[in-house]
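Values quoted throughout were computed directly from the atomic coordinates according to the rules given, and no laboratory measurement underlies them. It should be emphasised that the depicted structure is a prediction, and the values quoted were computed from it without experimental measurement. Cβ placement follows ideal geometry from the backbone for every residue including glycine, while neighbour counts extend to all protein chains displayed.
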Amino acid sequence: MTHDDIRALFDQQERINASYPNERREATPNIVRYISQTQPFSFILYTHADETDIERIIDEQIAYFAGIGHGFEWKTYSHDTPPDLVERLARRGFVTEERETVMVLDLESPPPALVQPLAHDIRRISDTRIIRDILYNVQRVVFHDDDAESQRHIESFVASIEQSPDQVAFYAAFIDDQPVSAAWISFAPGSDFAGLWAGATLEGYRGRGLYTALLAARAQEALRRERRFLYIDASPMSRPIVAKHGFFELTTTIPCEWKPAES
C-alpha cells in the first residue's frame, strides 16, 4: 500500500466511520462528530469543507455544542480542508494545543524489538479500581493535569472500558510491585488499525526501557488480534522513540478546544 492509500484508509476507518464506547456518532456532509454520553465534553474528528462554507460550519458547531452544554475538541489534521482551519478556529476563541505527528507502523513486518519476550514486569489490567489509581498516580502526574480535568479524563476512560472492554486494553509497568508507567491501546470495530494512547512514565523511572516495553506489549496484542497497523499521535518526546522502531509519519494533528461560556 502507498502512503496515500494508508492515509485514506486511516481517515475512513479511524475518523469517518469509527465507533467509540459511550460516544454517539453524528455525520453531516462536512464534519463527523462524536457526542459523549457520559461527560459534557465531545469532539469533532473529521472535516472536509471549502473556504466559502467553513465559517458557517464553525458557527453551527459552536451553536450545537453550546445548546447541549458541551465543551468540545475540534481535532484538525494537516491534510483536511480548508488548510487554514486551525487559524480560523483560533480566531474564534478555540485554544490550540501542541502539534502532534500521527505515526504508523505496518505490522506485516514488525521490528524484532517489539515481538520479543518482554524484559520488564508489564501487566494487562482490567480491574477499573486499579486503573483509576494508576491514572491518578501516573498519568495525572506526568501530564500535569489539574484535578478537575484529570477526573473528567479518568471517568470517561473508565466508562469506555466498562461499556466496551474488547475495544480498550490498559497496560502498566511495575517496579518493586508499584506502577510507574502506563499506556493503553484501542481497537475500533472493523478497523485495520489499533491506536496507541497516553504512554507515560514517572520521571524517576525514565531511561529504563519501560516505554518501549509497553509499546511491545501493545504491539503483540495488536498482532494477536490481527490488526495490520499501529498508530500513535506522537508528541515531540515520543516521536523519536517510535520512529526508531519503524513508525513513519502519516500526517500531523492539532487539537483545538472550545469551552462553553460560564453561566
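Karplus couplings for the range 158-167 from phi (6.51 cos²θ - 1.76 cosθ + 1.60, θ = phi - 60°), rounded to Hz, Gly and Pro as x?
Per-residue couplings from phi come out as 4, 4, 5, 5, 5, 6, 9, x, 6, 9 Hz.
Report the local net charge at D133: Lys and Arg +1, Asp and Glu -1, summed over other residues whose C-beta lies under 12 Å from its C-beta.
+2
To the nearest 20 debye, what is the magnitude of the charge dipole of the range 109-227 about its Cα centre, counting +1 on the Cβ of each Lys and Arg and -1 on the Cβ of each Asp and Glu?
Computed charge dipole of the range 109-227: roughly 380 debye.
Taking θ as phi - 60°, what are the ³J(HN,Hα) couplings along the range 34-45 by the Karplus curve (6.51, -1.76, 1.60), each to the nearest whole Hz, with x for Gly and Pro?
Once rounded to whole Hz, the list reads 10, 9, 5, 9, 10, 9, x, 8, 10, 7, 9, 10.
Between E60 and T252, with labels modelled 7 Å along Cα→Cβ, what's the label distance in nm to one decimal, could you check?
A separation of 2.9 nm, rounded to one decimal place.
Angle check, please: helix 54-68 long axis (alpha carbons) against the longest principal axis of the chain (alpha carbons), in degrees 0 to 90, nearest 10.
Tilt of helix 54-68: around 70 degrees.
Which longest run of the chain has no exposed loop site in it, a site being GluC sites (Glu not before Pro) in a DSSP loop with at most 10 other beta carbons within 10 Å, and the site itself not part of the run? Intermediate results must be reported in sequence, preceding the final value.
Working: sites that count: E98, E108, E226, E262.
In the chain, the maximal stretch lacking such sites is 109-225.
Mind listing the long-range amide H neighbours of A234? Cut-off is under 5 Å, sequence gap 5 or more, other chains count too, H placed in the peptide plane at 1.01 Å from N.
It is T101, V102, M103, by chain and number.
What ranking do S150, S126 get, fewest neighbouring Cβ atoms within 10 angstrom at the top? Kindly include the intermediate steps, with their values, before the conclusion.
On the way: S150 17, S126 11.
In increasing order of surrounding Cβ atoms, one gets S126, S150.
Please compute the net charge surrounding R228, taking Lys and Arg as +1 and Asp and Glu as -1 over other residues with Cβ under 15 Å from its Cβ. Provide the component values of the computation, followed by the final result.
Working: positive: R7, R218, R224, R225, R227; negative: D5, E14, D106, E108, D192, E221, E226.
Around R228, the charge tally is -2.
By how many degrees, 0 to 90 and rounded to 10, does the Cα axis of helix 210-224 deviate from the longest principal axis of the chain?
Between helix and principal axis, roughly 80 degrees.
Where both residues lie in the range 1-153, what percent of DSSP beta bridges are antiparallel, nearest 5?
65 percent
Go ahead and run the numbers for FRET between T2 and R25, Cβ-Cβ distance against an R0 of 30 Å, rounding to 0.05.
Working from the Cβ atoms, E equals 0.60.
If each DSSP helix of 4+ residues adds -39,500 (n - 2.57) and the sum is divided by the residues in the chain, what number results at 222 nm, nearest 500 deg cm²/dmol? Show your work: numbers first, answer last.
Working: 8 runs with 79 residues, N = 263.
That calculation yields -9000 deg cm²/dmol at 222 nm.
Which whole-Hz couplings ³J(HN,Hα) result when phi for each residue of the range 239-253 is put into the Karplus expression 6.51 cos²θ - 1.76 cosθ + 1.60, θ = phi - 60°, listed in order with x for Gly and Pro?
Going residue by residue, I get 4, x, 5, 6, 4, 4, 9, x, 6, 10, 6, 9, 6, 10, 9 Hz, with x marking Gly and Pro.
Among F65, I35, Y46, whose Cα projects farthest towards the positive end of the dipole of the range 1-65, with charges put on the beta-carbon of Lys, Arg (+1) and Asp, Glu (-1)?
My answer, from the dipole projection, is I35.
What is the set of long-range amide H partners of Y46 at a cut-off below 5 Å, with H atoms built 1.01 Å from backbone N?
Under 5 Å from the amide H of Y46 lie the amide H atoms of V32, each far enough along the sequence or on another chain.
Work out the P(r) tail for the range 47-126: percent of alpha carbon pairs separated by more than 15 Å, whole number.
71 percent
Can you give the charge dipole size of the chain about its Cα centre, rounded to the nearest 20 debye, using +1 on the beta carbon of Lys and Arg and -1 on the beta carbon of Asp and Glu?
In debye, rounded to 20, the chain gives about 620.
Using a 10 Å cut-off around each Cβ, can you sort T101, T2, T76, T252 from fewest to most neighbouring Cβ atoms?
Working: T101 21, T2 7, T76 24, T252 15.
Placing the least packed residue first, the sequence is T2, T252, T101, T76.
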